[in-house]
Amino acid sequence: MRRDDFDRLAAEHVLGLLEGEERGVADNLLASDGDFRNLVELWRQRFSAWDETADELPAGDALWARIESSVSAAPVAAPRASAASRPASPGVLERIWESLSFWRTVGLAGAAAALLMGLGMGFFAIKASRQPVMIAVLLNDANQPGAVLSTFEDGRMELVPLGDMTIPHNHSVQVWTFPDPAGPPVSVGVLRAARTARMTMDDLPQPHSNQLFTISVEPLAGSPTGLPTGPVVMKGTASAAL
Amino acid sequence: MKAALGDVAPPAFDLPHALGQCAKGDRLALRAIYDSEAPRMLGVAMRLLRRRALAEEAVHDTFVQVWQKAASFDPARGEARAWLYAVLRNRALNILRGESRTDLVEDFEPMGLVSDEEDAESLMLRLSDAGSLKRCLERLEPSRRQAITLAYIHGLSHGELAGRLGVPLGTVKSWIRRSLVSLRECMT
């Protein structure tokens, strides 16, 4: 890659303009290339005067209360020994976002859920093939059916991908639903491979007719925030199975 | 008096020290960062995300990251405030890109988002006269300046910029690229 392209990639990363393949290239460079991280840092500094020009908005106690409860619920801070034992590079910041181990830490809950999901599969396989209560056909953004989701009376749910559902490298897809149409989405499960998956919705009320289900692309361990963070690639509403 | 207020870091609050305290598990230090920085962070996030709930989400997530990764911040190697805002911008842009694709799926009418956006020229006026960013942006043609400004401040994508500025996608991309070369030369 030419030097100019390299620098342009760094600048467009800071601007948030990278899409598709270039975004992946920049992500890899951030994780692996100190020169690239330095260029990114330079562009951050060049543009940082803009951040100072934003209006200050009242940040109330309610937002703080949410932060505090998330912090309390979050796993203990990353292993400090390892952070201290090796010299921090200028790219520490970027690696926060790119490093898998970080997402693992943040997504511990998600990973645990995925594990339970996996363990549960064998059990559910035994008593599969019962009549679904609700069925949702999830459409992709080309409006083609991308997956069929069935829910069962006992709280199980089965997701069958159709056609060529692809999951970006180093990512997962996460299934969400909206038990309350006006409320936030609730995670149903995380999938790392595009194959039939069974999940449970034990903690959720029995889905109602027209309940919305969506699938978003997320980091490998699932969304770090408990809400969709990546693009929504499929969506559909449930109907009663006849 | 050439220096504008925007150039001077807010007095007294020692962000690097507060980050160090966070790394030791001091919740009060995180609260102090919140009190000092969250209003401006919300402002930055609002310009990108336009909706209060989303902006709060971005700020919330940023503070959770700060708490978890404070130990990895090394004051010797970078400026604390820049670190904080980079985490925030990353988070906000991720939310924005995810959201805008959702909007696409929903045939969302993008015109509704335009109205409360500040245009590029009035955003320029907010920049300090003493800073090199303003001086160097002023050297660009207005339409190119606008493209860069809207991308950074409001998080517009190449495609959105093309739509907004009424030029083909390829033109926007080359405007941005040439403007970046010019900015780099001017600001080095």
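Structural remarks
- Distance between the range A:175-192 and the range B:45-85 - C-alpha centres, whole angstrom: 25 Å
- Excluding ligands, DNA and RNA and using a 1.4 Å probe, chains A and B jointly bury around 6600 Å² of accessible surface, summed across both partners.
- Along the range A:19-27 the Karplus relation, 6.51 cos²θ - 1.76 cosθ + 1.60 evaluated at θ = phi - 60°, assigns HN-Hα couplings of 9, x, 4, 4, 4, x, 4, 4, 4 Hz to successive residues, with x for each Gly and Pro.
- Contour minus Cα-Cα distance for residue A:143 and residue A:212 (0.36 nm per residue): 23.3 nm
- Our summary gives the range B:10-109 a relative contact order of 32 percent, counting only alpha carbon pairs under 8 angstrom and 6 or more residues apart.
- For peptide A:229-237, the mean count of partner chain Cβ atoms within 10 Å of a residue's Cβ comes to 4.
- Label zone of residue A:240 (point 7 Å out along Cα→Cβ, amide N under 13 Å): in the range A:135-170 this covers A:135.
- Ranked from largest to smallest solvent-accessible area, with a 1.4 Å probe on the protein heavy atoms, A:25, A:190 come out as A:25, A:190.
- Cα gyration tensor category, rounded, prolate or oblate, for the range B:117-188 with a/c compared to 1.5: oblate
- Probe 1.4 Å - accessible area at residue A:225, Å² to nearest ten: 30 Å²
- Using θ = phi - 60° and Karplus 6.51 cos²θ - 1.76 cosθ + 1.60, couplings along the range B:20-27 (whole Hz; Gly, Pro as x): x, 5, 4, 4, 8, x, 8, 5
- Inter-chain neighbour count for B:175-184: the average number of beta-carbon atoms from partner chains within 10 Å of each residue's beta-carbon is 4.
- Accessible surface of the range B:117-188 [probe 1.4 Å, protein heavy atoms]: carbon and sulfur percent: 49 percent
- Averaged over A:60-69, number of beta-carbon atoms from partner chains that fall within 10 Å: 5
The values are calculated or read from the model by the stated rules, or taken from the named source; none is laboratory data. Bear in mind that the values here come from a model prediction, so they are computed numbers and not experimental data. Counting neighbours? That spans all protein chains shown, and the Cβs are built from the backbone with ideal geometry, glycine included. Only protein heavy atoms, including side chains, enter the accessible area calculation; ligands, DNA and RNA are left aside. Shrake-Rupley method; radii C 1.70, N 1.55, O 1.52, S 1.80 Å.
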